[in-house]
Amino acid sequence: MKKINMINPLVEMDGDEMTRILWGIIKEELLNPFIELKTEYYDLGLEHRNETNDKVTTLAAEAIKKYGVGVKCATITPNAERVKEYNLKEMWKSPNGTIRSILDGTVFRAPIIVDSIKPYVRTWEKPITIARHAYGDVYKDVEMKVEGKGKAEIVFTDENGKEKRELIHDFKDGGVILGMHNLNKSIESFARSCFNFAIDTKQDLWFATKDTISKKYDHTFKDIFQEIFDAEYKEKFKELNIEYFYTLIDDAIARVVKSQGGYIWACKNYDGDVMSDMVATAFGSLAMMTSVLVSPDGYYEYEAAHGTVQRHYYNYLKGKDTSTNSMATIFAWSGALRKRGEMDNNNELIEFANNLERASLQTINEGYMTKDLALLSDLDNVKVMNSKDFIKEIRIRLEKIYNN
């Protein structure tokens, strides 16, 4: 077939460990044979982040602002062990956190549904999309250990030097203190991203916090969502026959478990982190979860929802066979290419993204899959594939689509 042309590039962010290996195989087998791939490349592998003092991460985020679309491989967020292993200059921050702060976006995560893999929650028939606020809370907290007696306070000093104080606790003995913050502007962006995504996908939107306990922090989220909905989105939701409603997060969990799925569940930053893992696992696997960061300014960054698959990578380095699931990374590429096509009115590129997903799902439904999926599949005759051969099986079906 004649290769599909791209009009504008997308931002490509390479990553670490086993997902970096899969990244190269996906490009070699599923992208370059079919597309004249145009990307602006940034190496976010930990070694290169260390060499550039992590400036490369900021450059990649700014490039997404320039081109509108990016696709990112999974990356290492270093801990003390990684600092030693990679001989790092310092414990660099999460690349995802840096990119999210620069783009001011909301992370939407949804499971990849496969016919032959049934959810653990028997009522779930449609995907549940988690909308995770990508700023603040414990991810930008300030922590302190307290030794002995003393008084802890929150102190806010305004620009005129006037202080406002709230007592946290009068300590009689040792303990710990955690301070969190958020920004009205960021919450407003989060709300608009959620409402816009609901309109784009024509799905109901649920939002849940714990405002009965957190009467100022969580209540501010609730109030901002409601004010923006009433002022800007209420009529459009009514026109599309979709619903927005707020509930307490414990009530939301009860509703979610009993539901059929097919809606967006908006959560604060940490809640979204936890609930997206729960939803992914209950639908089958973290390796079967899409993730897209949507900015209120119209920027999109696609990635896999899982990590770098460290254990498989160490086996790979020893020359051992690995059976690593690449579906989330493939769908990150298909999502980014589809969005690039939509922005450029490039129907061939949109069709390719759809066909890539179709070929990937067809491969699994025909019994060719990685080991993690084989353990979940309802099929009788399953062929467990190694990492590269699974991607090659997808290529066979993708070629058939274009040759027919």
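The values are calculated or read from the model by the stated rules, or taken from the named source; none is laboratory data. A quick note: this is a predicted structure, and the numbers were derived from the prediction, not measured. Quick reminder, even Gly has a Cβ in these numbers, built from the backbone with ideal geometry, and neighbours come from all protein chains shown.
General observations
- Check on Thr57, surrounded by 21 or more Cβ atoms within 10 Å (Cβ to Cβ) and in a loop (DSSP other than H, G, I, E, B): no
- Only residues that are surrounded by 16 or more Cβ atoms within 10 Å (Cβ to Cβ) and in a helix (DSSP H, G or I) were counted across the stretch 231-248, and they come to 2.
- Test result for Lys72, in contact with a strand residue (DSSP E or B) (Cβ under 8 Å, 6 or more places away or on another chain) and of a type outside the set (A, V, I, L, M, F, W, C): yes
- Flag if Asp271 is without any contact (Cβ under 8 Å) to a residue 24 or more places away in the chain and in contact with a helix residue (DSSP H, G or I) (Cβ under 8 Å, 6 or more places away or on another chain): no
- Boolean, Glu36 is in the same structural domain as Asn346 (by TED's automatic domain parsing), at pLDDT below 95 and either over 30 Å from Ser186 (Cα atoms) or not hydroxyl-bearing (Ser, Thr, Tyr) (or both): no
- Being closer than 19 Å to Arg255 by Cα and at pLDDT 95 or above holds for only one residue in Asp211, Asp223, Asp218, and it is Asp211.
- Selection status of Ile213, touching a helix residue (DSSP H, G or I) at 6+ places or on another chain (Cβ under 6 Å) and hydrophobic (A, V, I, L, M, F, W, C): no
Here's the yes/no breakdown for (1) more than 22 Å from the chain's Cα centre (by Cα); (2) surrounded by 15 or more Cβ atoms within 10 Å (Cβ to Cβ); (3) within 22 Å of Tyr270 (Cα to Cα); (4) not assigned by TED's automatic domain parsing to the domain that holds Thr129:
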| site | (1), (2), (3), (4) |
| --- | --- |
| Arg49 | no, yes, no, yes |
| Asn53 | yes, no, no, yes |
| Lys65 | no, yes, no, yes |
| Lys72 | no, yes, yes, yes |
| Glu81 | yes, no, no, yes |
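- Scanning the stretch 1-54 for residues that are of a type in the set (A, V, I, L, M, F, W, C) and assigned to a helix (DSSP H, G or I) yields Met18, Ile21, Leu22, Trp23, Ile25, Ile26, Leu30, Leu31, Leu46.
- Strands (runs of 3 or more DSSP E) within the stretch 137-197 that include 3 or more residues of a type in the set (D, E, K, R) and modelled with pLDDT of 95 or more: 163-171
- Counting the residues of the stretch 60-97 that are among the hydroxyl-bearing types (Ser, Thr, Tyr), part of a helix (DSSP H, G or I) and out of contact with any Pro (no Cβ under 7 Å at 6 or more places or on another chain) gives 0.
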